[in-house]
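The values are calculated or read from the model by the stated rules, or taken from the named source; none is laboratory data. All values reported here derive from a predicted model rather than from experimental measurement. Positions of Cβ are generated from backbone atoms using ideal geometry, with glycine treated the same way; all protein chains shown enter the neighbour counts. Just so you know, the surface numbers come from the protein's heavy atoms only, side chains and all, with ligands and any DNA or RNA stripped out. Shrake-Rupley method; radii C 1.70, N 1.55, O 1.52, S 1.80 Å.
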Amino acid sequence: MLLLVLPGFLYFVVFHYVPLTGYVIAFKDYQPYLGYADSPWAGIANFQAAFAEPAFWSALVNTLEIAGIQLVFFFPVPIGLALLLNSVLSSKLRRFVQSVVYLPHFIGWVVIVSIFQQILGGAGVLPNLMDDAGMPSYDMMTDPGAFPWLLALQLIWKDAGWGTIIFLAALLTIDKQQYEAAAIDGAGSWRRLWHVTLPGIVPVVILLLILNLGQILTVGFEQIVLQRDAVGPDSGEVLDTYVYYHGIKGGDWGVSAAVGLVKAVIGTALVLGANKVAHFFGQDGIYRGADR
Amino acid sequence: MALTAETGGATRTPAPDPAPAPRSRPPKRNLRPPWMEAPTRSGTALKALALILVVAAVGYPFLGVIGTSFASQEDIVRSNGLVLVPDHPSLEAYRTIFTGGVVLRGLLVSVAVTTLGTVCSLLATIGMAFGLSRPGVTGSRFLLMTALFTMLFNPGIIPNFLLVNGLGLYDTYASLVLPTMVSAFNLVVLRSFFMGLPQELFDSARVDGAGDFRILVRIVLPLSKAVLAVISLFYAVTYWNAFFNAMLYLDDADKWPLPMVLRTFVLQGRGMESVASGESPAPLQAAQMAVLVVAVIPILLVYPFLQRYFTKGVLTGAVKG
């Protein structure tokens, strides 16, 4: 039995725990040709250097801005879409729409960015249409100011449909008799939505919101790295791409490892904290569900 | 609850004849519970409009990409860059991208990595999930926690890079598979499914003299086809779309999988010189869209077969995770 477990276990140890020791270079003046052990110690100089660099702060601000916009504008979309789907009575039609909206979740970022380029980019559909209409053509893909919005738009296209799964499941757990009782008491469809449906999914919404807050320092690396150069690092750099470009591309190993470590530690603390809070609310949700 | 009757005091709006609402099918009688108001025309129309918009927002780009890949230069110019139905369909774009050799090689790399990677991932995940799903395995709690904790932190780019380098995997195909071989999420999904199988099955098989391995192969796996299908899809899609590992660990452009090729061709516009300079008869945009189609087709092909299992797979993980 243990033999079956072994390959998977080894994987987790080697690729998730062993790398943690690599963070030692955050405290060293790492020279690739000297290796981990022989590079001289640098104390906290790497951290000081990172915090003194405006590029780091700009990456942090961009990360928070992008995550914030996604939280406010992406997060509610799957809820709305789930409510819409839930209100479709014909199960055939509903299943068709579901299959369509789940699909983009399985498409890679490279493809999605390419498609957006084709539609919104310089030679794409939208600028051409605007041109025809006599408007000054506008290329959203290279507008630094629009970058966080572009990312949110792409995220909505890719994952809003997929995100409905969990809300649809929550909607299914609402007791149909509640709707019937509410209707008999004279509640119209909006009041039923407000007083029956929404309270029914609030626990799930809170849970996901908290878990999302825990992820606030992690915005999609692939999505951003593909488009960072189009808008420039001032608005396109986030913490993860900072580490990539300064460390692996730029050879500034120690400093970017320090940034990575700071991000990892705060990120883990946020996830743990979020889980704690979610546990608190989650308990509540399960309790209320069982109570009905 | 009788579903047939149209009566019921709760029908507040005097039911307008639900027959011909434009652009949407009138809901069938028996679908609507008796207490629910008959839908108003404007309500139905709005809902239909919303659904059509949603479906179009997802569908239009797909159809546009496919259409454009078959289009001629005039078609593309006339329809502003994305052609739904080309007037002069041709396969020129596909001929162009496959004669270059780069796309074909990327495709082969992607197919091989996806196949082998999915097999490795499945074997490791099944073994671990099965081993940890039965009571009485020594240290199983510790082993499980070791895996679950990895959901809470991410070692980050630099340490991962140093590790892959240190293991001598830099610029090898193995670097596309090993660093992301087992997903803790999939492990949890599969383990909770295995745990739901009745213990009696295992007991009786053991009485008949079957060992752990035989139980797994003969009893557990045949019962888990649906969940295995979903997990295979998740793994396969991850490998197929993977671009991060390739960007990080592959130096040699000959080893690039399709997403990396796609990036240089379509996003950076490099490597398409023969097309751009007009040597080849295919328009540049058609060739680029043809590469996109090649990258998306495998997903479109397997998607319909696996789609019905999604909810199950995702929710098992959500409850336990």
- Please enumerate the residues belonging to region B:182-192 that are open to solvent by less than 20 Å² (accessible area, probe 1.4 Å) and within 11 Å of chain A (Cβ to nearest Cβ). B:Val182, B:Ala184, B:Asn186, B:Leu187, B:Leu190
- Query: Across region B:142-173, what is the total count of residues that are at negative phi, within 8 Å of chain A (Cβ to nearest Cβ) and open to solvent by less than 50 Å² (accessible area, probe 1.4 Å)?
  - Reply: 14
- Check whether at least one residue in region B:229-241 is closer than 21 Å to B:Thr118 by Cα, buried (at least 19 other Cβ atoms within 10 Å of the Cβ), without any contact (Cβ under 8 Å) to a residue 24 or more places away in the chain and of a type outside the set (Val, Ile, Thr), and report yes or no. yes
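Every residue, every condition in (1) of a type in the set (D, E, K, R); (2) modelled with pLDDT under 90; (3) under 22 Å from the mean Cα position of the chain (by Cα), yes or no:
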site	(1), (2), (3)
B:Gly166	no, yes, no
B:Val177	no, no, yes
B:Phe185	no, yes, yes
B:Val189	no, yes, yes
B:Ser192	no, yes, yes
B:Pro198	no, yes, no
B:Lys225	yes, yes, yes
B:Val237	no, no, yes
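In this structure, is B:Leu176 touching a residue at least 12 places away in the same chain (Cβ under 8 Å), crowded, with 20+ Cβ neighbours inside 10 Å, more than 11 Å from every other protein chain (Cβ to nearest Cβ) and of a type in the set (A, V, I, L, M)? Let's see the steps before the verdict.
On the way: touching a residue at least 12 places away in the same chain (Cβ under 8 Å): yes; crowded, with 20+ Cβ neighbours inside 10 Å: yes; more than 11 Å from every other protein chain (Cβ to nearest Cβ): yes; of a type in the set (A, V, I, L, M): yes.
Here the answer is yes, as B:Leu176 does meet what is asked.
I need a count of the residues in region B:72-85 that are within 28 Å of the chain's Cα centre (by Cα) and more than 12 Å from chain A (Cβ to nearest Cβ). Break it down into steps so the answer makes sense when it comes.
At the first step, the residues of region B:72-85 found to be within 28 Å of the chain's Cα centre (by Cα) are B:81-85.
Pick out the ones that are also more than 12 Å from chain A (Cβ to nearest Cβ) and you get B:85.
Residues flagged as within 28 Å of the chain's Cα centre (by Cα) and more than 12 Å from chain A (Cβ to nearest Cβ) within region B:72-85 amount to 1.
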- Message: The conditions are (1) within 20 Å of the chain's Cα centre (by Cα); (2) modelled with pLDDT of 85 or more, and A:Asn275 fails exactly one of them. Which is it?
- Response: (2)
- The residue from A:Ala59, A:Ala49 that alone is over 30 Å from B:Phe142 (Cβ atoms), buried (at least 16 other Cβ atoms within 10 Å of the Cβ), touching a helix residue (DSSP H, G or I) at 6+ places or on another chain (Cβ under 8 Å) and within 14 Å of chain B (Cβ to nearest Cβ) is A:Ala59
- With respect to B:Val111, determine if the residue is open to solvent by 60 Å² or more (accessible area, probe 1.4 Å) and either in a helix (DSSP H, G or I) or not hydrophobic (A, V, I, L, M, F, W, C) (or both). yes
- Are there any helices (runs of 4 or more DSSP H) wholly within region B:1-108 with 1 or more residues that are modelled with pLDDT of 85 or more, and if so which? B:41-69, B:92-99
- The lone exception for A:Ile107 - which of (1) farther than 29 Å from B:Leu262 by Cβ; (2) at pLDDT 90 or above it fails: (1)
- For region B:263-321, how many residues meet the condition of being at pLDDT below 60, outside any helix (DSSP H, G or I) and within 11 Å of chain A (Cβ to nearest Cβ)? 1
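Identify the residue in region A:5-16 that is among the β-branched types (Val, Ile, Thr) and surrounded by 15 or more Cβ atoms within 10 Å (Cβ to Cβ) and, among all such residues, is farthest from the other protein chains (Cβ to nearest Cβ). Lay out the reasoning, then the answer.
Here is the first cut: in region A:5-16, the residues among the β-branched types (Val, Ile, Thr) are A:5, A:13-14.
Filter once more, so that each one left must be surrounded by 15 or more Cβ atoms within 10 Å (Cβ to Cβ): A:5, A:14.
Working: A:Val5: 4, A:Val14: 8 Å.
Filtering region A:5-16 for residues that are among the β-branched types (Val, Ile, Thr) and surrounded by 15 or more Cβ atoms within 10 Å (Cβ to Cβ), the one farthest from the other protein chains (Cβ to nearest Cβ) comes out as A:Val14.
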- Please determine, by comparing only the residues of region B:242-264 that are of a type in the set (Phe, Trp, Tyr) and either touching a residue at least 40 places away in the same chain (Cβ under 8 Å) or not assigned by TED's automatic domain parsing to the domain that holds B:Pro159 (or both), which one is farthest from B:Ala287 (Cα to Cα). B:Tyr249
- Condition met for B:Leu221 (surrounded by fewer than 18 Cβ atoms within 10 Å (Cβ to Cβ), within 13 Å of chain A (Cβ to nearest Cβ) and either touching a residue at least 60 places away in the same chain (Cβ under 8 Å) or closer than 30 Å to A:Lys249 by Cα (or both)): yes
- Task: Go through region B:118-141 and give me each residue that's facing another protein chain (nearest Cβ under 9 Å), outside any helix (DSSP H, G or I) and either under 14 Å from B:Ala184 (Cα atoms) or touching a Leu at 6+ places or on another chain (Cβ under 9 Å) (or both).
- Result: B:Leu132, B:Val137, B:Thr138, B:Gly139
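Looking only at residues that are open to solvent by 30 Å² or more (accessible area, probe 1.4 Å) and in a helix (DSSP H, G or I) in region B:242-255, which one is nearest to A:Tyr244 (Cα to Cα)?
Here is the first cut: in region B:242-255, the residues open to solvent by 30 Å² or more (accessible area, probe 1.4 Å) are B:244, B:251-255.
In the following step, the residues that additionally are in a helix (DSSP H, G or I) were identified as B:244, B:253-255.
Values: B:Phe244: 11, B:Ala253: 19, B:Asp254: 22, B:Lys255: 21 Å.
Among them, the one singled out is B:Phe244.
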- Task: Answer yes or no as to whether A:Pro19 is over 30 Å from B:Ala210 (Cα atoms) and within 12 Å of another protein chain (Cβ to nearest Cβ).
- Result: yes
- Task: Quickly run through region B:74-108 and pick out the residues that are crowded, with 17+ Cβ neighbours inside 10 Å, of a type in the set (D, E, K, R) and within 16 Å of B:Val291 (Cα to Cα).
- Result: B:Glu92, B:Arg105
- region B:168-190, residues that are within 21 Å of B:Val230 (Cα to Cα) and outside any helix (DSSP H, G or I): B:Met181, B:Val182, B:Ser183
